[in-house]
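Heads up, the thing below is written out as structure tokens.
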Amino acid sequence: MSAWKFKSWRTASIAALALAACGGGETGEAGGESGGEMGEEGEGAISGPASAGGEAGEAAIGESGGEAGEAGAASAYAGLAGDQIIALRLEHLKGFLLVAEKVAETGASDEAAVLVAQGVLEVYDPFAEQFGTLDVAPVRAAAEALGQSQAEVEQRIDTALAAIDAARAPLSVNSAVLAARMVDISTGLYSLVVQEDFVDPIEYQHSLGAALAARDLLDDGEQALRRADARAYGEADAEIDRFLALWPTPIAGETATPYSQMLAQASRVRLALSPYL
């Protein structure tokens, strides 16, 4: 791998994120609402009706990686409706904030702000009507924090996270189903990370954000999930931690976990969650 190319990518990461954001509306999510004939994954929601699609996760991952990047995100939304689709939209956006939070903690405040802007453009703007009662103003404020101090950026991110949590609080959802969908999105994005002679720092962070959102969903639904099946929750909890460990830092290094290893661990997470799906 070319160290020079890696350093060039890292130096240009903020500019690259901004440029990528300009094309955010062209993401593969555009087809996400038309799920087609789905299975019964969402039945028997742990904390409310799920209405989720059966094999959407497998469609997103596929036998050998499946649909890559944002196309995988479209499959992850297939078959969802009502509170479930609102909650997944909210959590998908939250993933950008969660990874931005970690990036800001390293001192890369501008990069953190651009990550939030990327989330607004790729996840919120194309589907604004599917975000329920979300007050997006705090999220946009975090996206517009370029040039602000680290403390200011972190405060804006915290306020934005609180706005998303407030919008999700009244929803009745199956957190395990949504966590599995976020793992699918994360894995699809990660298929673009390890290239022939460089690591893509943008997709690395986007995939990490989706994984952090999956962890967040399991944390949020812990009480209900443990009541339903304590052993399954314990296994899923451990497997999602192993999944997150495959991103050793919030900013990509010269090397990254091979996609095959990421895909295998994603399958273990889904297997652990299977009693809820």
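FYI, it's all coordinate maths here, none of it is from the lab. Just so it is clear, the structure is predicted and the values come from calculations on it, not from any experiment. So basically every Cβ, Gly included, is an ideal-geometry build from the backbone, and we count neighbours across all protein chains shown.
Of 247, 265, 234, which is farthest on the positive side of the dipole of the stretch 233-277, counting Cα position, with +1 on Lys and Arg Cβ, -1 on Asp and Glu Cβ, and the Cα centre as origin?
So the residue we want is 265.
For the stretch 192-277, what does the equivalent ellipsoid look like in terms of its semi-axes, each the square root of 5 times an eigenvalue of the Cα gyration tensor, given largest first in whole Å?
28, 12, 9
If you look at just the Cα atoms of the stretch 122-194, how large are its Rg and its Dmax in Å?
14.7, 39
With a/c under 1.5 counting as rounded, go ahead and sort the stretch 137-272 into rounded, prolate or oblate using the C-alpha gyration tensor (a ≥ b ≥ c being the square roots of the eigenvalues; past the cut-off, prolate if a/b is larger than b/c, else oblate).
Numbers: a/c = 2.35, a/b = 1.06, b/c = 2.23.
Since a/c reaches 1.5 but b/c is at least a/b, the shape of the stretch 137-272 is classed as oblate.
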